Amino acid sequence: MMEGLRQSLQRFLSLFRGARLDQEHDAEVAAHLDLAIDENRKHGMSAEEARRQALMQLGGVAQTKENYRDHRGIAWLETLFRDLRFTLRMLRKSPGFCAVAILALALGIGFSSIVFSIFYNGILNPFPYRDANRLMSISVMDDRDGTRQFRPVFHLDEIVAFRKQNHTFEDIVGVSSWDVLYARNGVTQLVHGCVMTPNGAEFYGVPPMLGRGLMERDAQPGADPVVLLGYEYWKKEFQQDKTVVGKTMMIDNQSRTVIGVMPPRFYLFGADFYALIPWNRPEPSSWADAMANNVPYFFFPNGILKRGISRDTANADLLAIAQRLVPLHKDDYPEKFHISTRGFSDAIVGDFKQTVFLLIGAVALLLLISSSNVASLLLTHHSARAKEIALRSALGASRSRLIRQLLLESFVLGAAGCLAGSFLAYGGLKAAKTLDAALQIPGESDISLNWQVLLFAVAVSLLTALLFGLSPAFFAVKKDLRENLQSSGVNANSSRRGGKIRAGLVVGQVALSMLLLVFAGLVIRSFIAVTNFDPGISTKNMFLAEIHFPGHQYDSAESKRAYFEQALARISAIPGVVNAATALSWPIEGSPGSEDVTIPGKPHDKHWTTSFDGCSEGYFQTLGLRLLRGRLISSSDVASGRRIAVVNHTLSERYFPNQDPIGQQIKFNVLDQIPGAPHDAYFEIVGIVSDFRNVGLQESVRPEAFVPYTFSGFGERTLFVRTAANPNLFVNTFRQVLADVDPNPVLSHPDTLEGLLHTHEYVKPKFRLISFGTCAGIGLGLALIGLFGVMSYSVALQTQELGVRMALGAQCSDILTLVLRKGIFLVGGGLLLGLLVALLSVRILQSQLWGVSAFDPGAFVLAPLALLAAGLFACYLPARRATRVNPIVALRYE
């Protein structure tokens with residue numbers, strides 16, 4: 001066995017020492033030949049006879065060398081190397097063909113690798129957590145008005161009950177956000193934290209990058225307060241200082257020791273730091289108590305489902321526990337409900353999965369276009385080598401050998417396309433990382449070119465090479481040998497055999513490109529509709545920011561009124577400020593909602609969900625809302641906290657149809673559940689204002705009411721400032737003015753309304769525009785390259801015919817029309833086929849569109865016109881070249 005391995009190794013190594021071994025063998029053969037000649041001379045033979053007899057005894061020098069080569073090496077591998085060298089020489093002779101083929105494959109493979117990376121790393125496998133594929137989020141679903149999510153958060157005692165009493169989960173953890181004030185280098189900033197139940201570190205199973213992780217003992221009574229930093233916060237605020245471990249941070253007036261730094265992919269809640277909360281911590285008496293003391297009140301539960309347990313079984317298990325908790329939390333459960341578990345990734349990714357699936361389909365079409373483009377190029381290239389292939393066949397090359405040679409050329413092109421596509425994917429993924437908000441994928445995901453993606457790219461390139469190189473190879477070797485040997489080049493007869501295949505490939509490319517262009521046109525129309533949509537408020541030069549109040553400060557309505565009375569007056573006095581106001585929430589992104597409202601004399605079966613906001617008197621002027629009827633909130637209303645309300649037009653039309661709402665009473669039932677807010681309080685409607693999009697641009701306007709913000713002192717506030725110039729120039733001035741009023745409240749998350757729209761509303765349509773538009777643009781370019789190649793080759797084949805026609809008196813316009821007619825036929829066939837497929841399949845894109853129908857006439861008219869114009873240009877260039885054929889040269893072409 002060892003001897004066999006040694007011989008195999010020697011055979012393999014001999015492949016790389018061929019020249020030296022040939023020289024040694026030549027010298028050995030020459031020595032044996034000389035000895036034989038000398039021996040024959042001794043027997044009286046002449047020199048010529050002695051040499052002839054020696055050669056006969058040796059069996060021939062060439063045959064001896066061939067036998068030696070066959071025995072010393074691996075024959076099939078040597079043949080492969082020779083074929084590979086010949087392939088590289090042949091491809092080097094056609095640099096234009098190689099460049100176009102590699103570019104086509106690189107674009108298809110590169111973009112498919114980018115989309116596959118987003119799909120694999122961002123949707124299928126985004127989390128580094130332990131047993132992430134079994135990680136579930138838990139929610140209470142309301143069955144009263146159809147199934148909808150009632151709440152995805154629970155009290156700590158509910159999570160404890162779920163954890164201890166369930167039979168379907170390995171473990172359940174509770175996590176919650178925790179925004180705190182942190183003073184560093186003389187600057188107080190709002191820091192976003194995440195608190196976990198004591199089992200959190202073991203539950204997620206991700207070790208820290210520096211220091212140690214959180215342990216259950218850190219949540220025991222008397223334990224030293226500790227904190228674990230998130231990677232991005234450590235990188236941004238501490239400049240990756242490794243000595244930060246062991247230092248202290250003053251968080252909400254409590255000193256906490258930094259024990260470690262988490263790795264980049266641990267991005268739970270996108271938090272700046274992580275801490276533990278004891279299982280038996282004193283529960284806040286109410287939400288207002290929790291807000292006043294700045295402690296978490298609700299927690300998001302995550303559970304690891306046991307292996308072999310279905311979600312339905314887990315839902316039933318948790319429902320039985322929840323029903324026992326209803327008496328303890330009567331206001332936190334609807335009358336009829338069920339518990340729903342959902343994959344952690346699904347809960348975060350949401351509808352972006354549909355976008356990725358559609359994008360995978362678009363990239364598959366692009367890959368099909370690029371592959372058929374390569375097939376068309378290979379068919380044309382092999383047809384141009386008809387005489388060479390016939391000559392090699394006449395000299396003894398078998399059909400299988402010729403097919404192997406041609407497939408090897410396709411494989412080399414596929415490998416080069418794979419390499420180029422991998423570089424394209426690497427750069428494209430770097431660009432994709434800048435669109436994290438648009439991608440809507442978990443922050444834990446690592447969108448990179450990993451081995452799975454590389455394996456995918458290699459598999460795609462190999463399949464492309466084999467599938468689309470096989471047909472042209474078989475076609476090339478099936479041509480008539482005598483006919484090809486008799487011709488002096490490529491002839492029309494050989495072309496006619498492959499003409500239908502090339503034409504079919506071009507028609508297919510045009511049709512697929514047409515489908516992509518229609519999709520891109522619809523996405524472009526949707527993007528234009530979103531970005532040009534009037535949200536109902538003036539977005540220009542609008543500054544927004546949150547004002548975070550320290551715990552136990554400004555808890556009352558009077559204290560907040562005193563603060564904002566000074567703050568708004570001073571900000572309004574700044575040169576360049578037009579208006580200033582405050583409210584509970586940001587516009588467009590959604591105000592606090594009341595699940596139901598009560599209006600005397602208007603009973604209703606279903607819930608009347610209504611947005612609810614508290615604002616200052618200048619709110620409507622600052623946002624640019626129009627007063628339709630009645631009056632607005634006045635400064636005296638704010639000062640006294642009077643129970644009056646201004647409603648939007650939608651509320652007026654929906655709740656008071658054919659009736660004047662001015663003077664009517666309305667009660668927001670959610671206030672009965674908020675300590676510190678007036679209970680069983682009715683507000684008098686005094687005015688109606690114009691609508692604006694209050695739950696996102698792509699959702700219908702929700703009924704909304706505005707009351708004086710001094711109706712209660714709970715919660716944070718949002719600052720609105722309308723400026724005459726770029727609001728970003730005023731940020732530091734606003735900070736200083738607010739600090740002069742009181743340095744304790746913190747201005748956080750400063751932004752502009754236009755920036756908010758770009759970040760939250762425009763970024764997803766923009767991603768669709770870029771991705772589908774790029775696929776369509778590349779598909780169109782590849783289809784035009786295929787069309788141009790076929791037309792150019794057709795003109796080359798018809799050179800003699802065109803020369804005869806011109807010699808017989810045909811005009812340039814006649815030749816131009818003759819050539820263009822074929823191109824128009826190909827483009828027209830592709831257009832009709834593409835439009836038919838688009839009409840049948842475009843409905844699947846409707847979920848990704850807004851403000852435009854899937855059968856939008858603009859997209860179905862502009863896309864064919866654009867493709868027709870580009871196709872005619874691609875046909876015109878070869879047609880124009882045909883008109884310049886010299887009849888004398890053309891007649892001697894063959």
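Couple of notes before you dig in:
- Prolate/oblate/rounded label for the range 607-672 (Cα gyration tensor, a/c 1.5): oblate
- Projecting label points 7 angstrom from Cα along Cα→Cβ for N658 and R821 puts them 6.9 nm apart.
- Computing FRET efficiency as 1/(1 + (r/R0)^6) for R134 and Q665, where r is the C-beta to C-beta distance and R0 is 45 Å, gives about 0.30.
- Reachable lysines, given that their alpha-carbon falls under 28 Å from the alpha-carbon of K93 and they are not under 8 places away in the same chain: K387, K478, K479, K500
- Using the Cβ-Cβ distance between M56 and L463 with R0 = 56 Å, the FRET efficiency computed as 1/(1 + (r/R0)^6) comes to roughly 0.55.
- Here, the range 184-277 yields an orientationally averaged convex hull projection of 5.7 nm² when only Cα atoms define the hull.
- Stokes-Einstein translational diffusion, the range 145-333 - Kirkwood Rh over all Cα pairs, 0.692 mPa s, 37 °C, in µm²/s: 183 µm²/s
- Normalised by 2.2 N^0.38 Å, where N is the number of residues, the alpha-carbon radius of gyration of the range 104-245 equals 1.40.
- Isotropic mean projected area of the C-alpha convex hull, the range 179-231 (nm²): 4.7 nm²
- Label point distance in nm, A866-S635, each placed 7 Å from Cα along Cα→Cβ: 5.5 nm
- A full extension of the chain between L628 and L35 corresponds to an added length of 201.6 nm, given 0.36 nm per residue minus the alpha carbon distance.
- Length-normalised contact order for the range 145-333 - Cα pairs under 8 Å, 6+ apart - percent: 32 percent
- The value given for the range 160-204 is a Kirkwood hydrodynamic radius of 12.8 Å, derived from the mean inverse Cα-Cα separation.
- Distance from the range 111-169 to the range 812-839 (C-alpha centre basis), Å: 53 Å
- Packing-based order for 854-866, 501-513, using average beta carbon neighbours within 10 Å, highest first: 501-513, 854-866
- Between F238 and N732, the distance separating the two model label sites (each 7 Å from Cα on the Cα→Cβ line) works out to 2.8 nm.
- Entries of K306/K353; K235/K540; K330/K602; K430/K766 with Cα pairs more than 29 Å apart: K235/K540
- Contour minus Cα-Cα distance for M250 and E170 (0.36 nm per residue): 25.2 nm
- Exposure proxy for I369, I574, I277: other Cβ atoms within 10 Å of each Cβ, ordered fewest to most, give I574, I277, I369.
- ³J(HN,Hα), Karplus 6.51/-1.76/1.60, whole Hz, each residue of the range 519-525, x for Gly, Pro: 4, 5, x, 5, 5, 5, 4
- Computed 3J(HN,Hα) for the range 555-570, one whole-Hz value per residue from the Karplus formula 6.51 cos²θ - 1.76 cosθ + 1.60 where θ = phi - 60°, is 7, 9, 5, 5, 5, 5, 4, 5, 5, 6, 4, 6, 4, 5, 5, 6, glycine and proline marked x.
- Residue-span extension gain [F873 to Q698] - 0.36 nm each, minus C-alpha spacing: 59.0 nm
- Cα gyration tensor shape for the range 667-774, rounded if a/c is under 1.5, else prolate or oblate: oblate
- Scoring 104-117, 343-356, 230-243 by mean Cβ neighbours within 10 Å over their residues and listing the highest first yields 104-117, 343-356, 230-243.
- By the compact-protein rule of thumb, 2.2 N^0.38 Å, the alpha-carbon radius of gyration of the range 270-337 corresponds to a ratio of 1.43.
- Listed by chain and number, the aspartates and glutamates placed with their C-alpha closer than 13 angstrom to that of K433 are E444, D446; residues fewer than eight positions away on the same chain are left out.
- For the peptides 293-301, 40-48, residues were scored by their other Cβ atoms within 10 Å and the scores averaged per peptide; the highest-first order is 293-301, 40-48.
- Based on the Kirkwood approach, the hydrodynamic radius assigned to the range 776-884 is 15.7 Å, with every pair of different Cα atoms included.
- Anisotropy class of the range 554-743 from Cα gyration tensor, a/c 1.5 cut: prolate
Rule-based calculations on the coordinates, nothing more; no lab input. Being a predicted model, the structure only gives us computed values, none of them experimental. For neighbour counting, all protein chains shown are included, and Cβ atoms are generated from backbone atoms with ideal geometry for every residue, glycine included.
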